[in-house]
Amino acid sequence: MTNHVTLTQFIIEQQRGLPGVSGTFTLLLNDVVTACKKISHLVNRGNLVGVLGSAESENVQGEVQKKLDIITNDIMVEALNWTGHLAGMASEEIDGIIPIPSQYPKGKYLALFDPLDGSSNIDVNLAVGTIFSILRCREGAEPTMEDFLRKGSEQVCAGFVLYGPSTMMVLTTGHGVNGFTLDQDIGEFILTHPAMTIPAETSEFAINMSNQRFWEPPVQRYIEECLQGTEGVREKDFNMRWIASMVAEVYRILTRGGIFMYPYDLRDPSRAGKLRLMYEANPMAFIVEQAGGVCSTGRERILDMNPTGLHQRVPVILGSKNEVERIVGYHLAKG
Ligand code: AHM
Ligand code: MG
C-alpha cells in the first residue's frame, strides 16, 4: 500500500524541527481543515441542499451576498471560535473584528479569511475557494485593530482551498509551498504537490479585459505588448485566461506559471483595486513568493504594505518573476 502523507502528519513533522513550537499551530490548522472540508462538501452538494443563489443581502463592502457567502462564513467562525487556538478573527463578510465568545479560552493566533472567494462563480458551477491568513497575537489581551493591521511579511501561515474538480489545499508556513488533495473516501488532505514552484518565464496572462479603459499606462503598455505577439516587441505570442476566481488563477500559476492582475483602477481612487489586502492579497503574496514568484501593487511589494483597514483594497500583480518585474519596471519608468 502506498504510504500517503496526510496534511496533519506533514505539518507535525515540519513543525517538529522548529524551536519553541507547542503544537497549538498544528491544532489550529486542523480547525481550518475541518471547516474547509465542510465547505467542500456543501459546494459539492450545491442545490441538492439548497445552498445556491443570492441571499438578497449586502456585505459591509456593499457587495450582494450569495447564500453560500453567509453559510461559509458561519462555518469558518463556528469551527474556529471555541477551540482555544485563536484570539480573534476577521472575515470579508463581517465589518469589524470577530471576537472569541467570552465562554471560550483565547489562544495566541489571529485568523483572517475570505470564506468563499470568487463567489460570483458559484451559481454557474465554476471554481471557488477559501483563502486564509494566520498572524501571531499578543497573549492575554483582547486583540485590537492594531493587532490585526500588520504587514503581510509577519504572517506565520497562509493558505487557500480550491473547490475545483478536486478539492486542493495549498499551504505555506514560510518554508516553501505544498499542495494537498482531499481524498473524499478517507476525509483527509494528502500531500500530492510537494515543493510547488512558479517558473520565472511565462507566456500567459490573466486580467479582466472589460476594465481596460480604466487601467494606468504601465498596465496598458504591458497588455498591448502581449497582444502584439510575435509581431511586437515581445516577439512571442501570449495566451490569456480569466476565471474570475483568484484561487483558481493562483493555483494555475503555481502549476504552470503565468501572471494575474487586478490592477489599479482609475474609476475610484478610494478603491485602489478590487482585491482586499488582509485576506486576499497578503496570503496569496506569501504563497506566491514562497513558490519563487513575485507579488506587487506595481509600485510596492504587497508583503511590505502598511495596512490601514481590515477591508482595504489594493492593486495586485502576481506570478512569474520575470513578467511581474517587467510590469513593475514599466510603473517605475513612468515615475
Ligand atoms: P470576491 O471575494 O467578492 O469573490 O471577489 C474577488 C474575486 C477574485 O477571486 C477574482 O479574481 C475577482 O473577484 C474577479 O473579479 P471580476 O468579477 O471583476 O472579474
Ligand atoms: Mg474574495
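The values are calculated or read from the model by the stated rules, or taken from the named source; none is laboratory data. Everything numeric here is computed off the predicted structure, so don't read it as measured data. Note that we place each Cβ from the backbone using ideal geometry, even for glycine, and neighbour counts take in every protein chain shown. Surface areas here come from the heavy atoms of the whole protein model, side chains and all, with no ligands, DNA or RNA. Shrake-Rupley method; radii C 1.70, N 1.55, O 1.52, S 1.80 Å.
Shape analysis of segment 204-335 based on the Cα gyration tensor places the equivalent ellipsoid semi-axes at 22, 17, 14 Å, largest first.
Want the number for Lys38 to Glu63: 0.36 nm per residue separation, take away the alpha-carbon distance, what's left?
6.6 nm
Working from label points 7 Å from Cα in the Cα-to-Cβ sense, the Ile94 to Leu332 distance is 4.1 nm. Our Cα-only numbers for segment 116-187 put the radius of gyration and Dmax at 15.6, 45 Å. Modelled this way, with points 7 Å down the Cα-to-C-beta line, the labels at Leu227 and Glu325 are 2.8 nm from one another.
I'd like the carbon and sulfur percentage of the solvent accessible area for segment 7-193, probe radius 1.4 Å, heavy atoms only, ligands and nucleic acids excluded. Carbon and sulfur: 50 percent of the exposed surface of segment 7-193. Please report the net charge: other residues with Cβ closer than 11 Å to the Cβ of Gln312, K and R +1, D and E -1. Once all neighbours under 11 Å are counted, the net charge is +2. Taking Leu52, Leu318, Leu112 as the candidate residues, the one with maximal mean-square fluctuation in a Gaussian network model of the chain, Cα springs under 10 Å, is Leu52. GNM remark for the chain: springs join alpha carbons under 10 Å apart, and the peak mean-square fluctuation among Pro143, Pro269, Pro283 falls on Pro269. Using the Cβ-Cβ distance between Ser166 and Arg241 with R0 set to 22 Å, the FRET efficiency works out to roughly 0.75.
Lysine pair count for the chain (Cα-Cα distance under 25 Å; residues 8 or more apart in sequence or on different chains): 19. Surface exposure of segment 7-193, expressed per residue as accessible area with a 1.4 Å probe, stands at 42 Å². Taking other residues whose beta carbon is less than 14 angstrom from the beta carbon of Gly140, and scoring Lys, Arg as +1 and Asp, Glu as -1, yields +1. For the pair Gln184 and Asp268 in one chain, pulling the backbone fully straight at 0.36 nm per residue adds 25.8 nm over the alpha carbon distance. If you plug the beta carbon distance of Asn30 and Arg213 into 1/(1 + (r/R0)^6) with R0 = 56 Å, you get a FRET efficiency near 0.75. The distance between label points at Ser54 and Ser120 comes to 1.4 nm (points 7 Å beyond Cα on the Cα→Cβ vector).
Take the Cα radius of gyration of segment 7-193 and divide it by 2.2 N^0.38 Å, N being the number of residues; the result is 1.02.
Computed from backbone phi with θ = phi - 60° and the Karplus coefficients 6.51, -1.76 and 1.60, the 3J(HN,Hα) list for segment 303-311 is 5, 9, 5, 8, x, 10, x, 4, 10 Hz; x is used for glycine and proline.
Note on the chain: dipole from Cβ charges, positive end direction compared against Ser270, Ser54, Asn121; the farthest Cα belongs to Ser270.
Divide the volume of the convex hull around the Cα atoms of segment 260-335 by the residue count and you get 84 Å³ per residue. With semi-axes defined as the square roots of five times the eigenvalues of the C-alpha gyration tensor, the equivalent ellipsoid of the chain measures 31, 22, 21 Å, largest first.
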